[in-house]
Amino acid sequence: MSLFFLWGRFVTGLGYGGSKDNLEWSLNHRDTDTIKYSASSKTHVLAVPLTAQAILFKDFKRFPIYGTGSAVTAIGSTKAELSETLHGVITSRDIRESGVNNLFVTAGVGFNYRVSERFNGYVEWFAFKTNLKD
């Protein structure tokens with residue numbers, strides 16, 4: 001088996017995601033509670049991954065083993081609202097935030113398998129995963 005950098009490639013893409021949450025609660029979970037809370041948020045995110053792959057073992061012709069590493073940045077915006085109701089008086093706060101939310105980095109190994117002329121399958125295991133913004 002050879003352990004050489006035989007070929008490499010860079011892959012990039014574009015992804016979109018989002019979430020929406022609503023939550024209401026009170027201390028005793030009853031309609032007669034004098035204080036109640038509610039929170040809602042809506043998030044939109046655009047993710048841009050950059051992945052590098054390099055074949056480590058090419059002696060396995062049907063499924064070469066490769067090393068892989070990725071960096072994914074998430075750029076987005078969040079709008080949130082928190083409300084407190086105390087004896088019928090509502091106090092609320094709106095929060096808006098935007099910018100680079102996260103920067104994820106992963107590294108691992110994988111292999112791909114040629115099923116036919118038109119189809120390939122692959123499996124990847126990431127030994128290292130972290131968020132650099134935390």
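The values are calculated or read from the model by the stated rules, or taken from the named source; none is laboratory data. Just so it is clear, the model here is predicted, and its values are computed rather than measured. Because the Cβ atoms are built from the backbone with ideal geometry, glycine has one as well, and the counts that use them run over all protein chains shown. Only protein heavy atoms, including side chains, enter the accessible area calculation; ligands, DNA and RNA are left aside. Shrake-Rupley method; radii C 1.70, N 1.55, O 1.52, S 1.80 Å.
Out of curiosity, is Ala52 at pLDDT 95 or above, closer than 18 Å to Phe126 by Cα and of a type outside the set (D, E, K, R)?
Spelling it out, it is not the case that Ala52 is at pLDDT 95 or above, closer than 18 Å to Phe126 by Cα and of a type outside the set (D, E, K, R).
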Fill in the blank from the handout: Going through the stretch 76-134 in order, the residues found to be out of contact with any strand residue (DSSP E or B) (no Cβ under 8 Å at 6 or more places or on another chain) and among the basic types (Lys, Arg) are Arg118
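Is it the case, given these coordinates, that Ser92 is of a type outside the set (Asp, Glu), modelled with pLDDT of 95 or more, over 30 Å from Asn112 (Cα atoms) and not in a loop (DSSP other than H, G, I, E, B)?
Taking the combined requirement at face value, the residue does not satisfy it.
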Exercise for the section: Identify the residue in the stretch 53-70 that is surrounded by fewer than 15 Cβ atoms within 10 Å (Cβ to Cβ) and touching a strand residue (DSSP E or B) at 6+ places or on another chain (Cβ under 7 Å) and, among all such residues, is nearest to Tyr37 (Cα to Cα). Expected result: Ala54
Exercise for the section: Looking at (1) loosely packed, with under 14 Cβ neighbours inside 10 Å; (2) in contact (Cβ under 8 Å) with a residue 40 or more places away in the chain; (3) hydroxyl-bearing (Ser, Thr, Tyr); (4) within 30 Å of Arg30 (Cα to Cα), find the lone condition where Tyr113 falls short. Expected result: (4)
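Quick grid of which residues meet (1) of a type outside the set (Gly, Ala, Ser); (2) open to solvent by 40 Å² or more (accessible area, probe 1.4 Å):
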{"site": "Ser26", "(1), (2)": "no, no"}
{"site": "Tyr37", "(1), (2)": "yes, yes"}
{"site": "Val45", "(1), (2)": "yes, no"}
{"site": "Thr51", "(1), (2)": "yes, no"}
Practice task
State whether one or more residues within the stretch 94-101 are under 30 Å from Arg30 (Cβ atoms) and without any contact (Cβ under 8 Å) to a residue 24 or more places away in the chain.
Solution key: yes
Handout entry: Cβ-Cβ under 6 Å pairs, at least 6 apart or on other chains, the stretch 7-34 side under 30 Å from His87 (Cβ atoms), far side surrounded by fewer than 11 Cβ atoms within 10 Å (Cβ to Cβ)
Key = Asp33/Leu27; Thr34/His87
Problem - Contacts under 8 angstrom Cβ, first residue in the stretch 69-88 being of a type in the set (Lys, Arg), partner open to solvent by 80 Å² or more (accessible area, probe 1.4 Å), 6 or more apart - result: Lys79/Lys42; Lys79/Asp94; Lys79/Arg96
Handout entry: Single unsatisfied condition, Asp31 versus (1) modelled with pLDDT of 90 or more; (2) of a type outside the set (Lys, Arg); (3) open to solvent by 80 Å² or more (accessible area, probe 1.4 Å)
Key = (1)
